[in-house]
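The values are calculated or read from the model by the stated rules, or taken from the named source; none is laboratory data. What you see is a predicted model, and the numbers here were worked out from it, not measured in a lab. Glycine gets a Cβ as well: all are built from the backbone with ideal geometry, and neighbour counts include every protein chain shown. Ligands, DNA and RNA are excluded from the accessible area calculation, which covers all protein heavy atoms including side chains. Shrake-Rupley method; radii C 1.70, N 1.55, O 1.52, S 1.80 Å.
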Amino acid sequence: MVSNRLPVDRTTDDDGGHGWRRSPGGLVTALAPVMAGHDGAWVGWHGAPDETLEPFDNENMHLVPVPLSSDEVELYYEGFSNASLWPLYHDVIAPPEFHRTWWDAYHQVNMRFAEAVATAASEGATVWVQDYQLQLVPRYLRQLRPDLMIGFFNHIPFPPPEIFAQLPWRQSILEGLLGADLIGFQRPNDTSNFLRCSRRFLGATVKARHVNLESPGESQPRASRAEPFPISIDVGRIQELAVRPDVIARAKQIREDLGNPKTILLGVDRLDYTKGIPHRLKAYGELLHDGLIKVEDASLIQVASPSRERVESYRLLREEVDGMVGRINGQYDTMQNTAIRYLHHSYPVEEMVALYLAADVMLVTALRDGMNLVAKEYVAARVNNTGALVLSEFTGAADQLKAALLVNPHDIDGLKETITKAIGLRPAEASRRMRAMRRQVLDHDVQRWSRDFLSTLAGMAAERSHGRDAEQPSGL
Ligand code: G6P
(Lines give C-alpha, C1' and ligand atoms only; values in the text may rest on other atoms or scores of the structure.)
Protein backbone atom coordinates (compact mmCIF):
# COMPACT_ATOMS: atom_id res chain seq x y z
CA MET A 1 0.00 0.00 0.00
CA VAL A 2 1.17 3.49 -0.78
CA SER A 3 -0.53 6.67 0.45
CA ASN A 4 0.56 10.19 1.27
CA ARG A 5 -0.02 9.60 4.98
CA LEU A 6 0.84 6.43 6.86
CA PRO A 7 -2.25 5.02 8.62
CA VAL A 8 -0.90 5.75 12.13
CA ASP A 9 -0.93 8.71 14.53
CA ARG A 10 1.81 9.47 17.02
CA THR A 11 0.95 9.07 20.69
CA THR A 12 2.72 10.29 23.81
CA ASP A 13 2.42 8.26 27.01
CA ASP A 14 2.51 9.54 30.60
CA ASP A 15 6.31 9.34 30.96
CA GLY A 16 6.84 11.25 27.71
CA GLY A 17 7.64 8.20 25.52
CA HIS A 18 6.37 8.07 21.94
CA GLY A 19 4.35 5.36 20.28
CA TRP A 20 2.00 4.90 17.34
CA ARG A 21 -1.71 4.16 17.19
CA ARG A 22 -3.59 3.02 14.11
CA SER A 23 -5.57 5.96 12.63
CA PRO A 24 -9.34 5.70 12.57
CA GLY A 25 -10.89 5.35 9.12
CA GLY A 26 -12.25 2.76 6.75
CA LEU A 27 -9.29 2.42 4.43
CA VAL A 28 -6.94 1.05 7.07
CA THR A 29 -9.67 -1.11 8.62
CA ALA A 30 -10.32 -2.72 5.25
CA LEU A 31 -6.69 -3.22 4.37
CA ALA A 32 -5.00 -4.09 7.65
CA PRO A 33 -6.15 -7.76 7.53
CA VAL A 34 -5.24 -8.07 3.83
CA MET A 35 -1.80 -6.66 4.57
CA ALA A 36 -1.20 -8.87 7.59
CA GLY A 37 -2.29 -11.94 5.58
CA HIS A 38 0.15 -11.20 2.75
CA ASP A 39 3.15 -9.97 4.67
CA GLY A 40 2.44 -6.52 3.20
CA ALA A 41 4.08 -3.16 3.78
CA TRP A 42 2.51 0.30 3.87
CA VAL A 43 4.62 3.15 2.44
CA GLY A 44 3.75 6.76 3.36
CA TRP A 45 4.70 9.98 5.13
CA HIS A 46 4.51 9.79 8.92
CA GLY A 47 3.23 13.38 9.26
CA ALA A 48 6.21 15.26 10.73
CA PRO A 49 8.51 17.33 8.47
CA ASP A 50 12.32 17.11 8.53
CA GLU A 51 12.44 13.72 10.24
CA THR A 52 13.79 10.47 8.83
CA LEU A 53 12.53 7.29 10.47
CA GLU A 54 13.48 3.66 9.96
CA PRO A 55 10.74 1.20 8.91
CA PHE A 56 8.82 -0.18 11.92
CA ASP A 57 5.99 -2.57 12.75
CA ASN A 58 2.65 -1.58 14.30
CA GLU A 59 -0.35 -3.86 14.98
CA ASN A 60 0.69 -6.47 12.40
CA MET A 61 1.53 -3.89 9.77
CA HIS A 62 4.99 -3.16 8.42
CA LEU A 63 5.30 0.61 7.94
CA VAL A 64 7.85 2.32 5.70
CA PRO A 65 8.06 6.08 6.42
CA VAL A 66 8.96 8.41 3.54
CA PRO A 67 10.60 11.63 4.82
CA LEU A 68 9.44 15.08 3.67
CA SER A 69 11.31 18.33 4.37
CA SER A 70 9.38 21.45 5.49
CA ASP A 71 9.92 22.89 2.00
CA GLU A 72 8.43 19.78 0.45
CA VAL A 73 5.42 19.94 2.77
CA GLU A 74 4.88 23.49 1.57
CA LEU A 75 5.47 22.88 -2.16
CA TYR A 76 4.32 19.28 -2.76
CA TYR A 77 1.56 18.87 -0.11
CA GLU A 78 0.12 22.34 0.60
CA GLY A 79 1.04 23.69 -2.83
CA PHE A 80 0.68 21.29 -5.74
CA SER A 81 -1.57 18.71 -4.03
CA ASN A 82 -3.90 21.04 -2.16
CA ALA A 83 -3.76 24.39 -3.96
CA SER A 84 -3.38 23.13 -7.60
CA LEU A 85 -4.86 19.63 -7.91
CA TRP A 86 -7.52 19.71 -5.15
CA PRO A 87 -9.39 22.80 -6.48
CA LEU A 88 -8.85 21.75 -10.12
CA TYR A 89 -10.36 18.31 -9.49
CA HIS A 90 -13.28 19.79 -7.50
CA ASP A 91 -14.91 21.85 -10.25
CA VAL A 92 -12.54 24.82 -9.68
CA ILE A 93 -14.75 25.92 -6.74
CA ALA A 94 -11.63 27.81 -5.59
CA PRO A 95 -9.23 29.03 -8.30
CA PRO A 96 -6.31 26.59 -8.69
CA GLU A 97 -2.82 28.07 -8.72
CA PHE A 98 -0.08 26.63 -10.88
CA HIS A 99 3.55 27.13 -9.93
CA ARG A 100 6.53 25.40 -11.51
CA THR A 101 8.35 25.12 -8.16
CA TRP A 102 5.32 23.22 -6.75
CA TRP A 103 5.32 20.89 -9.72
CA ASP A 104 9.09 20.22 -9.40
CA ALA A 105 8.57 19.23 -5.75
CA TYR A 106 5.55 17.06 -6.65
CA HIS A 107 7.47 14.93 -9.12
CA GLN A 108 10.54 14.69 -6.90
CA VAL A 109 8.45 13.51 -3.94
CA ASN A 110 6.50 11.09 -6.15
CA MET A 111 9.83 9.66 -7.34
CA ARG A 112 10.92 9.21 -3.69
CA PHE A 113 7.74 7.30 -2.91
CA ALA A 114 8.27 5.11 -6.00
CA GLU A 115 11.85 4.35 -4.93
CA ALA A 116 10.72 3.44 -1.42
CA VAL A 117 8.14 1.04 -2.87
CA ALA A 118 10.62 -0.43 -5.35
CA THR A 119 12.91 -1.28 -2.41
CA ALA A 120 10.15 -2.70 -0.19
CA ALA A 121 8.22 -4.81 -2.74
CA SER A 122 9.10 -8.44 -3.36
CA GLU A 123 9.30 -10.02 -6.86
CA GLY A 124 5.93 -9.89 -8.65
CA ALA A 125 4.19 -8.14 -5.73
CA THR A 126 0.92 -6.24 -5.99
CA VAL A 127 1.16 -2.53 -5.21
CA TRP A 128 -1.86 -0.32 -4.58
CA VAL A 129 -1.28 3.45 -4.75
CA GLN A 130 -3.86 5.79 -3.17
CA ASP A 131 -5.04 9.21 -4.25
CA TYR A 132 -4.20 12.43 -6.05
CA GLN A 133 -1.03 13.26 -4.12
CA LEU A 134 0.73 10.31 -5.81
CA GLN A 135 -0.43 10.25 -9.42
CA LEU A 136 3.09 9.95 -10.86
CA VAL A 137 4.04 6.98 -8.68
CA PRO A 138 2.55 4.26 -10.96
CA ARG A 139 4.71 5.29 -13.95
CA TYR A 140 7.94 5.78 -12.00
CA LEU A 141 7.36 2.48 -10.28
CA ARG A 142 6.68 0.67 -13.55
CA GLN A 143 10.05 1.97 -14.86
CA LEU A 144 11.88 0.82 -11.73
CA ARG A 145 10.04 -2.50 -11.31
CA PRO A 146 8.30 -3.85 -14.43
CA ASP A 147 7.56 -7.12 -12.57
CA LEU A 148 4.94 -5.50 -10.25
CA MET A 149 1.15 -5.45 -10.66
CA ILE A 150 0.17 -1.85 -9.97
CA GLY A 151 -3.26 -0.52 -8.96
CA PHE A 152 -4.21 3.10 -8.36
CA PHE A 153 -7.33 4.50 -6.69
CA ASN A 154 -8.39 8.15 -6.93
CA HIS A 155 -10.45 9.08 -3.86
CA ILE A 156 -11.51 12.47 -5.23
CA PRO A 157 -13.40 13.35 -8.43
CA PHE A 158 -11.62 13.29 -11.78
CA PRO A 159 -12.45 16.42 -13.80
CA PRO A 160 -13.77 16.57 -17.38
CA PRO A 161 -11.26 17.43 -20.15
CA GLU A 162 -12.58 21.01 -20.39
CA ILE A 163 -11.29 21.66 -16.84
CA PHE A 164 -8.34 19.25 -16.76
CA ALA A 165 -7.05 21.12 -19.85
CA GLN A 166 -5.93 23.99 -17.58
CA LEU A 167 -3.22 21.91 -15.94
CA PRO A 168 0.15 22.80 -17.51
CA TRP A 169 1.40 19.25 -16.76
CA ARG A 170 -1.72 17.41 -17.88
CA GLN A 171 0.14 14.91 -20.08
CA SER A 172 2.63 13.93 -17.38
CA ILE A 173 -0.19 13.33 -14.88
CA LEU A 174 -2.08 11.08 -17.31
CA GLU A 175 1.09 9.18 -18.24
CA GLY A 176 1.81 8.83 -14.53
CA LEU A 177 -1.58 7.22 -13.88
CA LEU A 178 -1.33 5.01 -16.94
CA GLY A 179 1.72 3.35 -15.39
CA ALA A 180 -0.89 1.42 -13.37
CA ASP A 181 -2.56 -1.75 -14.65
CA LEU A 182 -5.85 -0.84 -13.01
CA ILE A 183 -7.01 2.72 -12.25
CA GLY A 184 -10.03 2.98 -9.95
CA PHE A 185 -12.40 5.92 -9.59
CA GLN A 186 -15.39 6.65 -7.35
CA ARG A 187 -18.06 7.15 -10.02
CA PRO A 188 -18.65 6.03 -13.61
CA ASN A 189 -18.48 9.77 -14.51
CA ASP A 190 -14.97 10.14 -13.08
CA THR A 191 -13.93 7.07 -15.06
CA SER A 192 -15.28 8.43 -18.33
CA ASN A 193 -13.69 11.84 -17.66
CA PHE A 194 -10.33 10.10 -17.26
CA LEU A 195 -10.81 8.06 -20.43
CA ARG A 196 -11.78 11.17 -22.41
CA CYS A 197 -8.70 13.02 -21.09
CA SER A 198 -6.42 10.11 -22.06
CA ARG A 199 -7.79 10.11 -25.58
CA ARG A 200 -7.73 13.88 -25.99
CA PHE A 201 -4.41 14.80 -24.37
CA LEU A 202 -2.31 11.68 -25.03
CA GLY A 203 -3.93 10.33 -28.18
CA ALA A 204 -4.33 7.00 -26.34
CA THR A 205 -6.55 4.31 -27.85
CA VAL A 206 -9.61 3.86 -25.65
CA LYS A 207 -11.97 0.93 -26.13
CA ALA A 208 -14.68 0.42 -23.54
CA ARG A 209 -12.68 0.89 -20.33
CA HIS A 210 -9.34 -0.24 -21.75
CA VAL A 211 -6.60 2.27 -22.59
CA ASN A 212 -3.60 1.48 -24.80
CA LEU A 213 -0.73 3.92 -24.81
CA GLU A 214 2.17 3.66 -27.30
CA SER A 215 5.41 4.61 -25.64
CA PRO A 216 8.69 5.32 -27.44
CA GLY A 217 11.18 2.49 -27.09
CA GLU A 218 8.55 -0.13 -26.22
CA SER A 219 7.38 -2.64 -28.83
CA GLN A 220 3.96 -3.24 -27.21
CA PRO A 221 1.59 -0.41 -26.19
CA ARG A 222 1.02 -0.19 -22.42
CA ALA A 223 -2.40 -1.55 -21.55
CA SER A 224 -4.40 -0.25 -18.56
CA ARG A 225 -7.97 -0.50 -17.43
CA ALA A 226 -10.07 2.20 -15.73
CA GLU A 227 -13.11 1.19 -13.64
CA PRO A 228 -15.41 2.69 -11.01
CA PHE A 229 -15.12 1.22 -7.48
CA PRO A 230 -17.22 3.42 -5.14
CA ILE A 231 -15.57 3.38 -1.70
CA SER A 232 -17.52 2.75 1.49
CA ILE A 233 -17.18 2.56 5.26
CA ASP A 234 -16.57 -0.01 7.97
CA VAL A 235 -20.30 -0.74 8.42
CA GLY A 236 -19.75 -3.41 11.09
CA ARG A 237 -17.82 -1.03 13.35
CA ILE A 238 -20.38 1.80 13.05
CA GLN A 239 -23.31 -0.55 13.73
CA GLU A 240 -21.53 -2.11 16.70
CA LEU A 241 -21.06 1.36 18.23
CA ALA A 242 -24.63 2.40 17.41
CA VAL A 243 -26.05 -0.29 19.75
CA ARG A 244 -23.51 0.11 22.55
CA PRO A 245 -25.25 1.36 25.74
CA ASP A 246 -22.62 4.01 26.54
CA VAL A 247 -22.88 5.46 23.01
CA ILE A 248 -26.69 5.50 23.22
CA ALA A 249 -26.47 7.21 26.62
CA ARG A 250 -24.05 9.78 25.19
CA ALA A 251 -26.51 10.56 22.35
CA LYS A 252 -29.23 11.17 24.94
CA GLN A 253 -26.88 13.41 26.89
CA ILE A 254 -26.11 15.47 23.74
CA ARG A 255 -29.86 16.07 23.25
CA GLU A 256 -30.25 17.08 26.88
CA ASP A 257 -27.27 19.42 26.73
CA LEU A 258 -28.97 21.22 23.86
CA GLY A 259 -32.19 21.57 25.90
CA ASN A 260 -34.03 18.63 24.30
CA PRO A 261 -35.14 20.45 21.14
CA LYS A 262 -37.76 18.79 18.92
CA THR A 263 -35.25 18.53 16.08
CA ILE A 264 -31.49 18.25 15.99
CA LEU A 265 -29.81 18.82 12.63
CA LEU A 266 -26.19 17.83 12.08
CA GLY A 267 -23.37 18.71 9.70
CA VAL A 268 -20.00 16.94 9.92
CA ASP A 269 -17.21 17.98 7.57
CA ARG A 270 -13.56 18.76 7.27
CA LEU A 271 -13.49 22.57 7.12
CA ASP A 272 -13.10 22.55 3.32
CA TYR A 273 -14.61 24.84 0.67
CA THR A 274 -15.83 21.81 -1.27
CA LYS A 275 -18.28 20.91 1.53
CA GLY A 276 -20.76 23.75 0.97
CA ILE A 277 -20.84 24.81 4.65
CA PRO A 278 -21.64 28.49 3.89
CA HIS A 279 -24.55 27.41 1.63
CA ARG A 280 -25.96 25.26 4.45
CA LEU A 281 -25.61 28.09 6.99
CA LYS A 282 -27.18 30.59 4.62
CA ALA A 283 -30.23 28.35 4.13
CA TYR A 284 -30.48 27.70 7.88
CA GLY A 285 -30.17 31.40 8.74
CA GLU A 286 -32.93 32.26 6.25
CA LEU A 287 -35.23 29.57 7.69
CA LEU A 288 -34.78 31.16 11.13
CA HIS A 289 -35.38 34.60 9.65
CA ASP A 290 -38.55 33.42 7.86
CA GLY A 291 -39.84 31.90 11.12
CA LEU A 292 -39.99 28.43 9.53
CA ILE A 293 -37.53 27.20 12.16
CA LYS A 294 -37.67 28.46 15.74
CA VAL A 295 -34.57 28.43 17.92
CA GLU A 296 -36.66 26.88 20.74
CA ASP A 297 -37.57 23.93 18.51
CA ALA A 298 -34.40 23.14 16.57
CA SER A 299 -30.61 23.23 16.87
CA LEU A 300 -27.98 22.70 14.21
CA ILE A 301 -24.75 21.04 15.36
CA GLN A 302 -21.96 21.80 12.92
CA VAL A 303 -18.73 19.86 13.44
CA ALA A 304 -16.00 21.35 11.24
CA SER A 305 -12.71 19.56 11.76
CA PRO A 306 -9.58 21.63 11.20
CA SER A 307 -7.90 20.92 7.88
CA ARG A 308 -4.95 22.24 5.78
CA GLU A 309 -4.86 25.39 7.86
CA ARG A 310 -1.76 26.85 6.21
CA VAL A 311 -3.42 26.96 2.77
CA GLU A 312 -4.84 30.43 2.01
CA SER A 313 -8.29 29.36 0.73
CA TYR A 314 -8.83 27.28 3.90
CA ARG A 315 -7.93 30.28 6.08
CA LEU A 316 -10.41 32.44 4.19
CA LEU A 317 -13.13 29.81 4.53
CA ARG A 318 -12.62 29.62 8.27
CA GLU A 319 -13.06 33.37 8.58
CA GLU A 320 -16.23 33.20 6.48
CA VAL A 321 -17.77 30.33 8.48
CA ASP A 322 -16.78 31.82 11.87
CA GLY A 323 -18.39 35.09 10.80
CA MET A 324 -21.61 33.50 9.54
CA VAL A 325 -22.08 31.39 12.67
CA GLY A 326 -21.39 34.42 14.90
CA ARG A 327 -23.95 36.55 13.04
CA ILE A 328 -26.67 33.88 13.06
CA ASN A 329 -26.16 32.98 16.73
CA GLY A 330 -25.92 36.66 17.72
CA GLN A 331 -29.28 37.27 16.14
CA TYR A 332 -31.26 34.18 17.16
CA ASP A 333 -29.76 32.69 20.35
CA THR A 334 -31.59 33.05 23.61
CA MET A 335 -30.23 32.41 27.11
CA GLN A 336 -31.50 28.82 26.86
CA ASN A 337 -31.23 28.01 23.18
CA THR A 338 -28.59 28.13 20.52
CA ALA A 339 -29.22 28.23 16.77
CA ILE A 340 -25.92 26.64 15.78
CA ARG A 341 -23.55 24.70 18.02
CA TYR A 342 -20.31 25.14 16.07
CA LEU A 343 -17.41 22.82 16.96
CA HIS A 344 -14.06 23.36 15.28
CA HIS A 345 -12.61 20.04 16.48
CA SER A 346 -12.11 16.42 15.45
CA TYR A 347 -13.77 13.73 17.55
CA PRO A 348 -13.19 10.02 18.07
CA VAL A 349 -15.53 7.65 16.24
CA GLU A 350 -17.56 6.87 19.42
CA GLU A 351 -18.53 10.54 19.74
CA MET A 352 -19.33 10.73 16.02
CA VAL A 353 -21.72 7.79 16.27
CA ALA A 354 -23.37 9.37 19.34
CA LEU A 355 -23.88 12.52 17.24
CA TYR A 356 -25.38 10.46 14.39
CA LEU A 357 -27.80 8.87 16.87
CA ALA A 358 -28.73 12.24 18.35
CA ALA A 359 -29.42 13.84 14.94
CA ASP A 360 -32.90 13.72 13.37
CA VAL A 361 -31.64 15.30 10.18
CA MET A 362 -28.19 14.96 8.62
CA LEU A 363 -27.10 17.72 6.22
CA VAL A 364 -24.54 16.91 3.51
CA THR A 365 -24.44 19.86 1.12
CA ALA A 366 -21.07 19.46 -0.63
CA LEU A 367 -20.56 21.42 -3.86
CA ARG A 368 -18.41 18.56 -5.12
CA ASP A 369 -17.25 15.45 -3.24
CA GLY A 370 -15.59 12.28 -4.52
CA MET A 371 -17.81 10.13 -2.27
CA ASN A 372 -18.75 11.56 1.20
CA LEU A 373 -18.42 8.87 3.80
CA VAL A 374 -20.23 10.87 6.50
CA ALA A 375 -23.50 10.30 4.61
CA LYS A 376 -22.86 6.54 4.61
CA GLU A 377 -21.87 6.54 8.30
CA TYR A 378 -25.09 8.32 9.26
CA VAL A 379 -27.11 5.69 7.40
CA ALA A 380 -25.14 2.82 8.96
CA ALA A 381 -25.70 4.26 12.46
CA ARG A 382 -29.50 4.58 12.09
CA VAL A 383 -30.15 0.97 13.06
CA ASN A 384 -33.83 1.66 13.86
CA ASN A 385 -34.53 3.17 10.41
CA THR A 386 -35.34 6.66 11.67
CA GLY A 387 -33.80 9.98 10.62
CA ALA A 388 -33.53 11.91 7.37
CA LEU A 389 -30.53 12.46 5.11
CA VAL A 390 -30.35 15.64 3.02
CA LEU A 391 -27.70 14.85 0.41
CA SER A 392 -26.09 16.96 -2.29
CA GLU A 393 -26.45 15.54 -5.78
CA PHE A 394 -22.79 16.54 -6.36
CA THR A 395 -21.42 13.80 -4.10
CA GLY A 396 -20.38 10.33 -5.24
CA ALA A 397 -22.65 9.00 -2.47
CA ALA A 398 -25.71 10.38 -4.29
CA ASP A 399 -25.18 7.71 -7.00
CA GLN A 400 -25.84 5.03 -4.38
CA LEU A 401 -28.09 6.66 -1.77
CA LYS A 402 -30.93 7.41 -4.16
CA ALA A 403 -33.54 7.36 -1.39
CA ALA A 404 -31.95 10.38 0.32
CA LEU A 405 -33.57 13.82 0.01
CA LEU A 406 -31.36 15.00 -2.85
CA VAL A 407 -30.52 18.70 -3.23
CA ASN A 408 -28.62 21.13 -5.39
CA PRO A 409 -26.84 23.16 -2.66
CA HIS A 410 -26.45 26.16 -4.98
CA ASP A 411 -30.25 26.48 -5.03
CA ILE A 412 -30.79 28.10 -1.62
CA ASP A 413 -34.59 28.09 -1.94
CA GLY A 414 -34.53 24.40 -2.90
CA LEU A 415 -32.21 23.68 0.02
CA LYS A 416 -34.55 25.50 2.43
CA GLU A 417 -37.53 23.53 1.13
CA THR A 418 -35.67 20.24 1.45
CA ILE A 419 -34.51 21.00 5.01
CA THR A 420 -38.10 21.88 5.93
CA LYS A 421 -39.30 18.66 4.31
CA ALA A 422 -36.68 16.63 6.21
CA ILE A 423 -37.74 18.15 9.54
CA GLY A 424 -41.38 17.32 8.87
CA LEU A 425 -40.87 13.93 7.21
CA ARG A 426 -43.57 11.49 8.26
CA PRO A 427 -42.15 8.47 10.15
CA ALA A 428 -43.41 6.00 7.52
CA GLU A 429 -41.68 7.83 4.68
CA ALA A 430 -38.51 8.37 6.74
CA SER A 431 -38.39 4.67 7.50
CA ARG A 432 -39.01 3.63 3.86
CA ARG A 433 -36.16 5.87 2.69
CA MET A 434 -33.78 4.83 5.47
CA ARG A 435 -34.43 1.12 4.88
CA ALA A 436 -33.60 1.47 1.18
CA MET A 437 -30.38 3.36 1.96
CA ARG A 438 -29.38 0.93 4.68
CA ARG A 439 -29.80 -2.02 2.34
CA GLN A 440 -27.36 -0.40 -0.07
CA VAL A 441 -24.76 0.52 2.57
CA LEU A 442 -24.95 -2.79 4.46
CA ASP A 443 -24.39 -4.66 1.22
CA HIS A 444 -21.42 -2.55 0.12
CA ASP A 445 -18.96 -2.06 2.95
CA VAL A 446 -15.33 -1.01 2.63
CA GLN A 447 -14.17 -4.62 2.94
CA ARG A 448 -16.15 -5.43 -0.19
CA TRP A 449 -14.68 -2.37 -1.95
CA SER A 450 -11.08 -3.48 -1.33
CA ARG A 451 -11.92 -7.10 -2.24
CA ASP A 452 -13.49 -6.00 -5.54
CA PHE A 453 -10.52 -3.84 -6.48
CA LEU A 454 -7.87 -6.40 -5.53
CA SER A 455 -9.66 -9.32 -7.17
CA THR A 456 -10.04 -7.35 -10.42
CA LEU A 457 -6.31 -6.64 -10.31
CA ALA A 458 -5.55 -10.29 -9.53
CA GLY A 459 -7.75 -11.34 -12.48
CA MET A 460 -5.73 -9.08 -14.75
CA ALA A 461 -2.47 -10.54 -13.43
CA ALA A 462 -3.75 -14.06 -14.14
CA GLU A 463 -4.77 -13.09 -17.70
CA ARG A 464 -1.37 -11.56 -18.28
CA SER A 465 0.59 -14.60 -17.14
CA HIS A 466 -1.75 -16.82 -19.14
CA GLY A 467 -1.03 -14.60 -22.17
CA ARG A 468 2.70 -14.91 -21.59
CA ASP A 469 2.47 -18.70 -21.28
CA ALA A 470 0.49 -18.82 -24.54
CA GLU A 471 3.27 -16.90 -26.29
CA GLN A 472 5.85 -19.57 -25.37
CA PRO A 473 6.32 -22.11 -28.16
CA SER A 474 4.94 -25.47 -26.99
CA GLY A 475 7.40 -28.12 -25.81
CA LEU A 476 9.68 -25.54 -24.18
C1 G6P B 1 -9.47 13.60 1.44
C2 G6P B 1 -8.40 13.00 0.54
C3 G6P B 1 -7.38 12.20 1.35
C4 G6P B 1 -6.86 13.06 2.50
C5 G6P B 1 -8.01 13.56 3.37
C6 G6P B 1 -7.55 14.46 4.52
O7 G6P B 1 -10.32 12.61 1.90
O8 G6P B 1 -8.98 12.20 -0.47
O9 G6P B 1 -6.31 11.79 0.53
O10 G6P B 1 -5.95 12.31 3.28
O11 G6P B 1 -8.89 14.30 2.53
O12 G6P B 1 -6.75 15.49 4.06
P13 G6P B 1 -5.22 15.69 4.51
O14 G6P B 1 -4.70 16.75 3.58
O15 G6P B 1 -5.28 16.13 5.94
O16 G6P B 1 -4.50 14.37 4.34
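Please give the per residue accessible area of the chain, computed with a probe of 1.4 Å over protein heavy atoms only, in Å².
Ligands and nucleic acids excluded, the figure is 44 Å² per residue.
Mind checking the log10 I(q)/I(0) for the stretch 19-159 at q = 0.10, 0.12, 0.15 Å⁻¹? Debye, one equal scatterer per Cα, no solvent, two decimals.
Normalising to I(0) and taking log10 leaves -0.36, -0.52, -0.82.
Put one equal scatterer on each alpha carbon of the stretch 394-476, apply the Debye formula with no solvent term, and list log10 I(q)/I(0) at q = 0.27 1/Å to two decimals.
The calculated log intensity ratios at q = 0.27 Å⁻¹ are -1.24.
Rg/Rh for the stretch 144-214 to two decimals, with Rh computed the Kirkwood way over all alpha-carbon pairs.
Rounded to two decimals, Rg/Rh equals 0.94.
How big is the shadow of the Cα convex hull of the stretch 235-444, averaged over all directions, in nm²?
Quarter of the Cα hull surface area: 10.7 nm².
Report Rg/Rh for the stretch 182-261, rounded to two decimals, where Rg is the Cα radius of gyration and Rh the Kirkwood radius.
That ratio equals 1.43.
With a 1.4 Å probe and every protein chain kept in, tell me what percent of the accessible surface of the chain is carbon plus sulfur.
That fraction is 49 percent.
With r as the distance between the Cβ atoms of Ala461 and His210 and R0 = 22 Å, compute the FRET efficiency 1/(1 + (r/R0)^6) and round to 0.05.
0.90
Given Cα pairs under 8 Å that are at least 6 residues apart, what percent is the relative contact order of the chain?
Value for the chain: 13 percent.
Long-range amide H contacts for Val8: which residues qualify at under 5 Å (H placed 1.01 Å from N, peptide plane, sequence gap of 5 or more or a different chain)?
Amide H neighbours of Val8, under 5 Å, 5+ apart: Ser23.
Suppose we look only past 23 Å in the calculated P(r) of the stretch 334-437. What percent of the Cα-Cα pairs does that tail hold?
27
Could you derive backbone 3J(HN,Hα) for the stretch 429-446 from the dihedral phi with the Karplus parameters 6.51, -1.76 and 1.60 (θ = phi - 60°), listing whole Hz in sequence and x where the residue is Gly or Pro?
Computed from phi, the couplings for the stretch 429-446 are 6, 4, 5, 4, 5, 5, 4, 4, 5, 5, 4, 4, 5, 5, 7, 10, 8, 5 Hz.
Remind me, relative contact order of the stretch 235-444 in percent, using alpha carbon pairs under 8 angstrom and six or more residues apart?
So the answer I get is 25 percent.
Using the alpha carbons of the stretch 279-371, what is the convex hull volume per residue in cubic angstrom, as a whole number?
Measuring per residue, one finds 128 Å³ for the Cα hull of the stretch 279-371.
List the pairs from Lys294/Lys421; Lys262/Lys376; Lys294/Lys416; Lys262/Lys402 whose alpha-carbon separation is above 18 Å, in the order I gave them.
Lys262/Lys376; Lys262/Lys402
So what J values fall out for the stretch 216-228 if you push phi through Karplus, 6.51 cos²θ - 1.76 cosθ + 1.60 with θ = phi - 60°, rounded to Hz, Gly and Pro as x?
Coupling constants for the stretch 216-228: x, x, 10, 6, 9, x, 6, 10, 10, 10, 10, 9, x Hz.
With N set to the number of residues, divide the alpha-carbon radius of gyration of the chain by 2.2 N^0.38 Å and report two decimals.
In units of the globular-protein estimate, the chain measures up at 1.03.
At 1.4 Å probe size, put Val34, Val364 in order of accessible surface, largest to smallest.
Val34, Val364
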